[in-house]
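The values are calculated or read from the model by the stated rules, or taken from the named source; none is laboratory data. If you're wondering where the values come from, they're calculated on a predicted model, not measured in any experiment. FYI the Cβ positions are ideal-geometry reconstructions off the backbone, even for glycines, and counts take in every protein chain you see. Ligands, DNA and RNA are excluded from the accessible area calculation, which covers all protein heavy atoms including side chains. Shrake-Rupley method; radii C 1.70, N 1.55, O 1.52, S 1.80 Å.
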Amino acid sequence: QVQLVESGGGLVQPGGSLRLSCAASGFTFSTDTMRWYRQAPGKEREFVASITSGGLITKYADSVKGRFSISRDNAKNTLYLQMNTLKPEDTAVYYCNSWRNDYWGQGTQVTVSS
């Protein structure tokens, strides 16, 4: 059974940091490109970041470039998203996604507010 379970979301003040995790099981995580997406209320889901299977190539949406960092630990079957200098417009539900099979997690809420 394929599972992607996100965690680490919460309420944080503007300028703060959070680290999201996505625990994968039921498929060969280490061979798949992984991605983070987010969906804000009333908006479409949007791409945030991606990382290739070996972790060598990463890509970011312009809106998060320089503030967010995607990484992975293939030994732990876990994907990460380090989010720094958070802004209110980063408020959204964040989802992890496996590129090859298009698996999705249930999402974790990130709220940036003072």
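Would you point out the residue of the range 1-31, among those that are in a loop (DSSP other than H, G, I, E, B) and within 24 Å of Gly66 (Cα to Cα), that is most open to solvent (accessible area, probe 1.4 Å)?
Among residues in the range 1-31 that are in a loop (DSSP other than H, G, I, E, B) and within 24 Å of Gly66 (Cα to Cα), the one most open to solvent (accessible area, probe 1.4 Å) is Gln13.
Take the residues in the range 68-114 that are part of a strand (DSSP E or B) and aromatic (Phe, Trp, Tyr); name whichever of them is most open to solvent (accessible area, probe 1.4 Å).
So in the range 68-114, the residues part of a strand (DSSP E or B) come out as 68-73, 78-83, 92-98, 103-104, 108-112.
Okay, now just the ones that are also aromatic (Phe, Trp, Tyr), so 68, 80, 94-95, 103-104.
Working: Phe68: 11, Tyr80: 33, Tyr94: 0, Tyr95: 33, Tyr103: 66, Trp104: 92 Å².
Among those residues, the one meeting the criterion is Trp104.
On the given criteria, is Lys59 in contact with a strand residue (DSSP E or B) (Cβ under 9 Å, 6 or more places away or on another chain), in a loop (DSSP other than H, G, I, E, B) and charged (D, E, K, R)?
no
Is it fair to say Gly9 is among the small types (Gly, Ala, Ser) and closer than 15 Å to Asp102 by Cα?
no
Do we have any residue at all in the range 34-41 that's closer than 18 Å to Val110 by Cα, at pLDDT below 95 and not hydroxyl-bearing (Ser, Thr, Tyr)?
Quick first cut of the range 34-41, residues closer than 18 Å to Val110 by Cα only: 35-41.
Imposing the further condition that a residue be at pLDDT below 95 reduces the set to 41.
Filter again for not hydroxyl-bearing (Ser, Thr, Tyr), leaving 41.
Checked the range 34-41: at least one residue is closer than 18 Å to Val110 by Cα, at pLDDT below 95 and not hydroxyl-bearing (Ser, Thr, Tyr).
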